[in-house]
Amino acid sequence: MRLGMYIFPAFSHPQVRWAAALLMAPFFLQLLGSGNTLLGGGLCGELFGNDTPLGLQGAGFWYAVLFMMLLGFQLMYGGFLLLARLLEMPPSMEAGTYRTGIWLVGFITLLFVLTRTTGLPYPSPQGLALGDTAPVDPLSLILMACSWVGSFLLWRLLKKT
């Protein structure tokens, strides 16, 4: 972005750092779901404290594995947003980078809605089985809200580029 005679480096808007923090927060907030709290288990609650053999795990376990990987990708994306300015990325990469983050949050949202309404197929000893729906708890809504607000900030940044 060029303003007068000053040239601002790419990814230097303060909203980039806010978006990165909001996109990284769900990974760490998920740790609140590892115990039996009033907030519930979050997106990955069934991943912790389960002694069932891997072949006999239910749909909730596989949903938790899927969301833990997606939260890990979201954490890496947020870290990239924080480092992009230090890496001196060209301004031409800003729009594509913001669009990638919006699509990532959109994909996580789609899977969140599907696992809470219809269920997804999961591996079982008999082959793929259609899973039950996962419960909606306050922690999962807090995690998704952080992602949605971070995605909204990226959308606003995308409109400015």
Response to the item:
Condition set charged (D, E, K, R) and not in a helix (DSSP H, G or I), scope segment 71-95, selection surrounded by the most Cβ atoms within 10 Å (Cβ to Cβ): answer is R85
Discussion item. With the structure loaded, tell me whether T161 is open to solvent by 40 Å² or more (accessible area, probe 1.4 Å) and touching a Lys or Arg at 6+ places or on another chain (Cβ under 9 Å) or whether it fails that test.
Written reply: no
Worksheet item: Hey, among E88, E46, E94, which residue is of a type in the set (D, E, K, R) and under 26 Å from Q126 (Cα atoms)?
Response: E46
Practice prompt. Filter segment 29-38 down to residues that are at pLDDT 80 or above and either surrounded by 14 or more Cβ atoms within 10 Å (Cβ to Cβ) or in a helix (DSSP H, G or I) (or both), then give me how many there are.
Written response: 4
Response to the item:
Residues of segment 44-70 being β-branched (V, I, T) and part of a helix (DSSP H, G or I), in sequence order, are V65
Discussion item. Can you tell me which residue is farthest from L32 (Cα to Cα) among those in segment 126-137 that are open to solvent by less than 70 Å² (accessible area, probe 1.4 Å) and not in a loop (DSSP other than H, G, I, E, B)?
Written reply: G127
Worksheet, complete the sentence: In segment 96-121, anything open to solvent by 30 Å² or more (accessible area, probe 1.4 Å) and farther than 18 Å from L71 by Cβ is listed as G96, R99, T117, T118, P121
Worksheet item: Does segment 6-28 contain at least one residue that is in a helix (DSSP H, G or I) and more than 19 Å from the chain's Cα centre (by Cα)?
Response: yes
Practice prompt. Within segment 139-157, work out how many residues are within 16 Å of S34 (Cα to Cα) and open to solvent by less than 70 Å² (accessible area, probe 1.4 Å).
Written response: 3
Discussion item. Could you tell me how many of the residues in segment 39-70 are within 15 Å of S140 (Cα to Cα), open to solvent by 40 Å² or more (accessible area, probe 1.4 Å) and not hydrophobic (A, V, I, L, M, F, W, C)?
Written reply: 1
Discussion item. All but one of (1) modelled with pLDDT of 95 or more; (2) under 16 Å from G45 (Cα atoms) hold for D132; state the number of the condition that does not hold.
Written reply: (1)
Worksheet item: How do the pairs read when you match residues in segment 17-37 that are closer than 12 Å to Y77 by Cβ with residues anywhere that are in a helix (DSSP H, G or I) and open to solvent by 50 Å² or more (accessible area, probe 1.4 Å), using Cβ under 8 Å and keeping only pairs 6 or more apart or on different chains?
Response: A20/L82; L22/V149
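The values are calculated or read from the model by the stated rules, or taken from the named source; none is laboratory data. Bear in mind that the values here come from a model prediction, so they are computed numbers and not experimental data. As a convention, Cβ positions derive from the backbone with ideal geometry for all residues, glycine included, and neighbour counts pool all protein chains shown. What goes into the accessible areas is simple: the full protein's heavy atoms, side chains included, and nothing from ligands, DNA or RNA. Shrake-Rupley method; radii C 1.70, N 1.55, O 1.52, S 1.80 Å.
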